[in-house]
Amino acid sequence: MEIDPFIFRLSIFILSIFIGYYVVWSVTPSLHTPLMSVTNAISSVIIVGAIIAGLAGNSDSIFNTSSVFGFLAISLAAINIFGGFLVTQRMLAMYKKKKKDK
Amino acid sequence: MLSANLSAIFYLISGILFILALRGLSSPETSRRGNFFGISGMIIAITVTFLSIGNFSTGIVVVLIFLLIGGLIGAFIAYKIPMTAMPELVAGFHSLVGLAAVFVAISAFLNPAAFNLGVPGNIYLGSLIEMSIGAAVGAITFSGSIIAFLKLQGIMSGSPIIFKGQHPLNALILISIIIITYMLCSTQSGHLFWILLAVSFLIGFLLIIPIGGADMPVVISMLNSYSGWAAAGIGFTLENTALIITGALVGSSGAILSYIMCKGMNRSFFNVILGGFGATEQSKGNQNKEQRPVKSGNADDAAFLMKNASSVIIVPGYGMAVAQAQHALREMVDTLKKNDIKVSYAIHPVAGRMPGHMNVLLAEANVPYDEVFELEEINNDFANADVAFVIGANDVTNPVAKTDPQSPIYGMPVLDVEKCKSVLFVKRSLSPGYAGIDNDLFYKENTLMLFADAKKMTEDITKNL
């Protein structure tokens, strides 16, 4: 008997929820804002779907309805990817330790 | 062209890099490396997608142009945004993830062949269910985040919007979403797909309008979680491991943050989501107690008290963010430290408008993070401190939460500010905080009220030190 590939993806999904659970509890509360901005950035990996959608059109008609939605999604996700990672970087650069001279 | 197996392995690698990105946030020292892992994961995922399609036609130019446009906008926002606007920014970003998920779902519905999901009108049942879930959750995330953004930005009033029959209406809409999804899957009708999207947009909007401004930490975390589930839904549709892993990570991350925020207010998640906290309690708080005596002082008095203290604990709240007082505050603290006064910061979990809001602002003002403490770490120190300097916080210091079982905030963990020898309370007026209740702390013998704008008062104190 064959196992449906869906079950494998479901297993990955559920195990990832557990990983997420333990990893996020280990995040220090002072970094909760960068946590939100970085999760924002990484959830924009949805851009891979958008790219597939955008490139799905054949060479005569790059712009059909389906691919236009893909193109728009690419831009939206790209705003999030660049914005999310850069703003996280900016925030994290501000977290400094007490200077050693004291 | 990359084989499907090889690209799946690369997607797995980028998923692992995302896990490491979150793991890095366990301490500020490792966090920057974590962010680097996140960026690498994203680059791998995008590159692999291009290689696996292997269709370098004119379409790719268009894709790159759209990618570049989005990237430039994103980078511009990231550099320009002031740190005080972080809650709005995050809400705005959530809405974009939601909308992107909706667009990808629409695209997959219109052209399923491109994703190997069947043909229009005959999409595989499993894919259609996953697609519908992704689209519906994405739409809810989008419209909910837009409302949260408008409320945080102040374009829309932060007070809850409540009308009669709200909860039955929402319940009805949620049930109709399930029914529409079911019908969509059995008929494959395009109309039903658009109706599903419209109804989901509507429910996202209706779910967030009754929630008040100070509950935004829960709302933002919740929408964070939704954006993750939407991504995971699309990940199942596209059979993409990176998306499934990421979706699960983000989904559970947001859920944990909402839990932490709810616990910080001692309220159940449903209590917050059903909304109306501030509005229902407002009338109760204003009834009596108006005539109680209050000691108020000026910057001179405050400076005198602090100069003679040996330790000071600072309690920042949303008011500090509004007044942009974090830099002035740090200058005051620098002066105090020069006089050998020990200063630490106490942060309540729900201080501000999003998780960790105060920490970011203090970090921006160059406050070293090892001087900033969470509620549990510092609460016992108030008894030994000389001065508590409350700047822009209110409900989170209210001793009523410990003493009065009738109070709406009873049981909420609060900072034991009243145990300090003296309390300096910077506030513009005696008006109650978000919960709509009077703060007993105002009338305590050892409390000195400083009625002024937080930034101006802090600057004046520094001058007098």
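Details
- Beta carbons closer than 8 Å, at least 6 apart along the sequence or on distinct chains, never pair a first residue in region B:48-65 that is closer than 20 Å to B:Ser14 by Cβ and at pLDDT 90 or above with a second that is surrounded by 15 or more Cβ atoms within 10 Å (Cβ to Cβ) and of a type in the set (Lys, Arg).
- Among the residues listed as B:Leu51, B:Leu17, the single one being part of a helix (DSSP H, G or I) and closer than 28 Å to B:Ile133 by Cβ: B:Leu17
- Tally of residues being within 7 Å of another protein chain (Cβ to nearest Cβ) and either over 8 Å from the mean Cα position of the chain (by Cα) or open to solvent by 10 Å² or more (accessible area, probe 1.4 Å) (or both) across region A:39-59: 12
- B:Ala8 facing chain A (nearest Cβ under 7 Å) and either under 19 Å from B:Leu243 (Cα atoms) or open to solvent by 40 Å² or more (accessible area, probe 1.4 Å) (or both): no
- When the strands (runs of 3 or more DSSP E) confined to region B:349-465 are screened for residues that are buried (at least 20 other Cβ atoms within 10 Å of the Cβ), those reaching at least 2 such residues are found at B:387-391, B:422-427, B:447-451.
- The lone exception for B:Ser57 - which of (1) over 25 Å from B:Glu364 (Cα atoms); (2) assigned to a helix (DSSP H, G or I) it fails: (2)
- Residue in region B:322-338 that is in contact with an Asp or Glu (Cβ under 6 Å, 6 or more places away or on another chain), among the hydrophobic types (A, V, I, L, M, F, W, C) and in contact (Cβ under 8 Å) with a residue 24 or more places away in the chain present: yes
- Residue match in region B:125-133 (condition: more than 24 Å from B:His94 (Cα to Cα) and surrounded by fewer than 15 Cβ atoms within 10 Å (Cβ to Cβ)): yes
- Residues being in contact with an Asp or Glu (Cβ under 7 Å, 6 or more places away or on another chain) and closer than 13 Å to B:Asp301 by Cβ - total across region B:431-465: 2
- Of all residues in region B:11-49 being more than 7 Å from chain A (Cβ to nearest Cβ), of a type in the set (A, V, I, L, M, F, W, C) and within 26 Å of A:Pro29 (Cβ to Cβ), the one that is surrounded by the most Cβ atoms within 10 Å (Cβ to Cβ): B:Leu17
- Check on B:Val343, open to solvent by 10 Å² or more (accessible area, probe 1.4 Å), closer than 15 Å to B:Val423 by Cβ and of a type outside the set (Asp, Glu): no
- Any hit, region A:86-95, residues being part of a loop (DSSP other than H, G, I, E, B), free of Cβ contacts under 8 Å to residues at least 24 places away in the same chain and under 30 Å from B:Ile256 (Cβ atoms): yes
- Top-ranked residue in region A:61-74 [being in a helix (DSSP H, G or I) and open to solvent by 20 Å² or more (accessible area, probe 1.4 Å); ranked as farthest from B:Ala78 (Cα to Cα)]: A:Thr65
- Selected residue (criterion: surrounded by the fewest Cβ atoms within 10 Å (Cβ to Cβ)) from residues of region B:163-213 that are in a helix (DSSP H, G or I) and in contact with a Phe, Trp or Tyr (Cβ under 8 Å, 6 or more places away or on another chain): B:Gly190
- Condition check for B:Lys338: closer than 26 Å to B:Gly297 by Cβ, basic (Lys, Arg) and surrounded by 23 or more Cβ atoms within 10 Å (Cβ to Cβ): no
- Those residues of region B:238-272 which are in contact with a helix residue (DSSP H, G or I) (Cβ under 9 Å, 6 or more places away or on another chain), more than 23 Å from B:Ser127 (Cβ to Cβ) and open to solvent by 30 Å² or more (accessible area, probe 1.4 Å), in sequence order: B:Ala255, B:Tyr259, B:Ile260, B:Asn266, B:Ser268, B:Phe269, B:Asn271
The values are calculated or read from the model by the stated rules, or taken from the named source; none is laboratory data. In this text, all values refer to a predicted model and were calculated from it rather than measured experimentally. Heads up, the Cβs are rebuilt from the backbone with ideal geometry, glycines too, and the neighbour counts pull from every protein chain shown. Remember, those area values only see protein heavy atoms, side chains included, never the ligands or the DNA or RNA. Shrake-Rupley method; radii C 1.70, N 1.55, O 1.52, S 1.80 Å.
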